[in-house]
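Rule-based calculations on the coordinates, nothing more; no lab input. None of these values were measured; they are calculated from a predicted model. Note: ideal-geometry Cβ built from the backbone for every residue, glycine included; neighbour counts use all protein chains shown.
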Amino acid sequence: MKTSVKPDFHIPSEIYIRQDIINDIASISSKYGTRAVLITTTENLEIYHATVEFISDQFRKEGIGCIIYDELPACPTTEDIDTAVSFTKKTNANLIIGFGGIEAINSAKAVAILCNNYLFCNDLFSQQELGASPLTLLTIPASPLFGFEIAPLFFLDEIHGMTKKVFYNYGLFPAATIVDPVLSISISEEKAIKSSISTLAISTESVISTKNNNIINTYALKSIDLIFRNLPSAYREPQSINPRIFLSTASVMAGMAFSVSYLSVTLSLALALASRSKITIESAMSVILPHIMEFNLTTAPGKYVQMSKVMGEEVRDITVIEAAIKAVEAIRKIEADTDVPQRLANYDVPKSQFKDIASLAMGYPFIKNTPRPLNENEIETILIAAY
């Protein structure tokens, strides 16, 4: 009997996070399938060509058939996904592997679910129920992906309106996520820093979500703690592996919390901004985060005090509100200390689009669990303040 009652916490994925775990990729993957299609983008292949070849070689030695699908552009659209699905169906694959950045992982999730369902990618966003479960999915993030390496959702550019659309389904939890922090050394320092700030956005909003519970709280707060302890070190020593291990762990923990808390006004605004300008998701989240924290501060001051503590702020002998404000100040300080731009004016974002961006942001599902209700005017005000 089907029920609409969802568990307070459910993460069915196996999680591997350790240095050089990529060396065991074939052994891990052999548990899940014998014919794999590895999904990546042209941009990721350019950076990680040697790693992709290594994975393919390891699969061959293990007796696993592996085909590399590397024809996706840097920002795939729903039409690009349909092409990838058509190709993948012809291979009779029983395992989909997403390798690379956020676009590659999102694409792999879409391919996994469409291979077993007779739909075009664009049709997914209007579907409530699916006829079949996805193909078995493994994710191998090349860097921390602010939770999307494990969260059961993805976003893609819809081909008709060129707007980023979101699909969420519990069946999209990967069978395993395999995180080798060594890979993240290859991405730019700027992207690495902004990805971790995006993880902060996911974690801080998970703490204040109306769907928050003790389990979510534990993972989200620990994620915040790991970032504040290790992001400055990663900034000062970009080739050091130890901070990268903890930042990768923080990202996965954020995804575990986000999978249930399902709140991120920051992500909603970032998706809307990226749909109407050239700003990246990570850059938009970095700019918007302090403003969203300010907006929600008075509705959950006790939660903000918890965050202040794990951020290393001294909160004794001051009021609850003063202690809560310290969390916002700590976010601004860590962004300043790591040279993250804190204004939309630093990017090519047209102010004339703010009304449209606010309207688009309101349509994303991540807004509904906020402790303080939002409307379009308030979102537009936040955008103006962030400019």
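A few notes on this one:
- Under the Karplus curve 6.51 cos²θ - 1.76 cosθ + 1.60, θ = phi - 60°, whole-Hz ³J(HN,Hα) for the range 251-263, x wherever Gly or Pro sits: 5, 5, 4, 4, x, 5, 5, 5, 4, 10, 5, 6, 10
- Net +/- balance of residues flanking Val52 in space, Cβ distance below 11 Å, scoring K and R +1, D and E -1: -4
- Environment charge at Glu158 (Cβ cut-off 9 Å; Lys +1, Arg +1, Asp -1, Glu -1): +1
- Against the main long axis of the alpha-carbon atoms of the chain, helix 42-62 sits at an angle near 50°.
- Once the chain from Ser27 to Phe125 is taken as fully extended at 0.36 nm per residue, the excess over their C-alpha distance is 31.8 nm.
- Charging the Cβ of each Asp and Glu at -1 and of each Lys and Arg at +1, and nothing else, the dipole of the range 14-183 about its Cα centre rounds to 480 debye.
- For Arg35, Arg343, Arg316, order by how many other beta-carbon atoms lie within 10 Å, fewest first: Arg316, Arg343, Arg35
- When only the Cβ of Lys, Arg, Asp and Glu is charged (+1, +1, -1, -1), the dipole of the range 188-386 relative to its Cα centre reaches about 340 debye.
- Computed [θ] at 222 nm, helices only, for the chain once each DSSP H run of length n ≥ 4 contributes -39500 (n - 2.57): -16500 deg cm²/dmol
- Ranked Glu149, Glu62, criterion: other C-beta atoms within 10 Å, fewest first: Glu62, Glu149
- Above 39 Å, the calculated P(r) of the chain contains 13 percent of its Cα-Cα pairs.
- Remark: for residue pairs Lys194/Lys351; Lys222/Lys355; Lys165/Lys194; Lys164/Lys211; Lys89/Lys191, the C-alpha separation exceeds 27 Å in Lys222/Lys355; Lys89/Lys191.
- Counting only alpha carbon atoms, the long axis of helix 281-296 and the longest principal axis of the chain meet at about 40°.
- Cα centroid separation, the range 314-348 to the range 350-381 (Å): 22 Å
- Extension gain for His160 to Ser359 (0.36 nm times residue separation, less C-alpha to C-alpha distance): 69.8 nm.
- In degrees, nearest ten, helix 214-236 long axis to first principal axis of the chain (Cα): 90 degrees
- Here the chain is treated with +1 on each Lys and Arg Cβ and -1 on each Asp and Glu Cβ, and its dipole about the Cα centre works out to around 780 debye.
- Cα-projected label distance for Lys278 with Thr298, points at 7 Å along beta-carbon direction, nm: 4.0 nm
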